[in-house]
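Working notes, beginning with the structure itself.
What follows draws every value from the coordinates through simple rules; no lab data is involved. Please read these numbers as outputs of a predicted model, since none were measured by experiment. When we count neighbours, we look across all protein chains shown, and the Cβ atoms used for this are built from the backbone with ideal geometry, even at glycine.
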Amino acid sequence: MSTHARSHAEQSYSPLYFLASVGAGGLAVTFFMYLMFWVAHPGRPVPVFEDIMAAFSTGSPLLQAAIVIAMTGIAIFGVMNVYLLVWNLRRIGAFSASEAGTQLAGSNGQVQIMALPLALAMTINVGFILGLVFVPGLWSVVEYLFPLALVAFLAVGALALIQLGAFFRRVIATGGFDCARNNSLSQLLPAFTLSMVGVGLSAPGAMSTTAMTAGASVVLSTFFLVAAVTLAAVQLVLGVRSMLENGVAVEQAPTIMIVVPILTVLGILVMRQDHGLHVHFGAHVSAGETLVFLTRLLSLQVLFLLLGVTVLRATGYIARFISGDERSVGSYALICPGVALSVMGFFWINKGLVAAELVTKFSAGYWALTALALAAQISMIVLMLVLNRRHFSHRPAVSVPVPAE
């Protein structure tokens, strides 16, 4: 008998482990919200290293503490994001060639492979944040980086569309999609992937000073916006119908809340487009219109969160897969909604309420609302650490030798 240390993730690998990388990247984004809305960045749509250092040298002790926390969080979860991405990339090839991979490719779960381009797109976004926060002088060459970013996101988008095309080619041309087993919202993963590509493509539209670059950004990101919304609408109806008829697939219950991160990502995409259209093409969106837009998105998110929590409680999901003895890679799908709610909270408070002059920035009411966004962030950090310990901590695995004939 021989023993060696193997984690649960290594023993039961699935492409959905890319969601661990996505979750870590999302947490890095939540820390960037501190800098985005608390550090002054005049003349730039986002704070850069020089803005952060200036704020740290002249700011109050509370602002200095927030900057230290933000930079530390971005560094830790940025590194975790990249590490988990590489960890998955080293295993996905062998999994795809295995019997389990072949079976997955012939089932409804074929779309799980689209967690790969989702993670790639998230890591590119995280890489840009790391550059803004830690690389001095980056803004002086950023106009040269924007075209490269567009090419990178287009490459990831092409990969996502190829994978999605392979899925539709199989299920539409030859049939085989099991509607009875579509009793979750797991089929919205491709829409999440396309929306993540789209938000990456929209960044130059909000930040570039070159009209051609901004215009290309708006056009390209619009394609992925439309594709994501169309796909999400179709699969949402199919998934809800199947759940009403067959009940929810318990292990996939967290996917009911996947609508939350999709809405946050698409909301940021639209706001980036609006900013670029305002700067370069004379289009104007008022603070009131932005407030209403963000409030509508947040309302939808709260509705799906309430539905998701109701279903999780009804199925006993938390007791089984978070605090109990069972493990499910789908648990990582719980991180994205909490992260997305935190990020949307920051945007709703600062770009919505404060911009519309309904709340004064840094007032007691401002901090009371911000505390809710921070609570969502902290809860997801705890959940991420718990899941990583459950899925990636190494434990002895026993292999029993085959008896001689």
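What ³J(HN,Hα) values, in whole Hz, does the Karplus curve 6.51 cos²θ - 1.76 cosθ + 1.60 give for segment 108-119 when θ = phi - 60°, with x put for Gly and Pro?
4, x, 4, 5, 4, 5, 6, 5, 5, x, 4, 5
Modelled label-to-label distance, H8 and R91, 7 Å Cα→beta-carbon offset: nm?
Here the answer is 1.2 nm between the modelled labels.
Could you give me the ³J(HN,Hα) list for segment 91-97, computed from phi with Karplus coefficients 6.51, -1.76, 1.60 and θ = phi - 60°, whole Hz, x at Gly and Pro?
Values, residue by residue: 10, 5, x, 5, 5, 4, 7 Hz.
Can you give the extra length, in nm with one decimal, that the chain gains between V237 and A180 once fully stretched, where that is 0.36 nm per residue apart less the Cα-Cα distance?
Numbers: separation 57, 0.36 × 57 = 20.52 nm, distance 1.35 nm.
Full extension from V237 to A180 adds 19.2 nm.
Just add up the charged neighbours of I322: K/R +1, D/E -1, any other residue whose Cβ is under 15 Å from the Cβ of I322. Each step should come with its number before you reach the end.
Numbers: positive: R313, R320, R327, R389, R390; negative: E251, D325, E326.
Value of the local net charge: +2.
If I model a spin label at S379 and A173 as a point 7 Å from the Cα along the Cα→Cβ vector, what separation in nanometres do I get?
Distance between label points: 4.5 nm.
Across segment 82-87, in residue order, what do the Karplus-derived ³J(HN,Hα) couplings come to in whole Hz, using 6.51 cos²θ - 1.76 cosθ + 1.60 with θ = phi - 60° and x for Gly and Pro?
In residue order, the calculated couplings are 5, 4, 5, 5, 5, 4 Hz.
Quick one: which residues, 5+ away or cross-chain, put their amide H under 5 Å from the amide H of R6? H built at 1.01 Å from N.
R395, A397
For I268, what charge total do you get from the other residues with a beta carbon under 11 Å from its beta carbon, if Lys and Arg give +1 and Asp and Glu give -1?
My count for the surroundings of I268 gives +1.
Can you tell me, using C-alpha contacts under 8 Å and at least 6 residues apart, the relative contact order of segment 7-391 as a whole percent?
Values: 523 pairs, mean separation 72.3, N = 385.
Here the relative contact order equals 19 percent.
P(r) of the chain in 20 Å steps, Cα pairs, percent per bin?
26, 58, 15, 1, 0
Using the basic label-point model (7 angstrom from Cα toward the beta carbon), what is the V151 to A100 distance in nanometres?
Here the answer is 3.7 nm between the modelled labels.
Give the dimensionless ratio obtained when the Cα radius of gyration of segment 294-405 is divided by 2.2 N^0.38 Å.
Values: Rg = 20.2 Å, N = 112, 2.2 N^0.38 = 13.2 Å.
Ratio of Cα Rg to 2.2 N^0.38 Å: 1.53.
Note down the net charge around W139, summing +1 for each Lys or Arg and -1 for each Asp or Glu among other residues with Cβ under 10 Å from its Cβ.
Numbers: positive: R44; negative: E50, D51, E143.
Value of the local net charge: -2.
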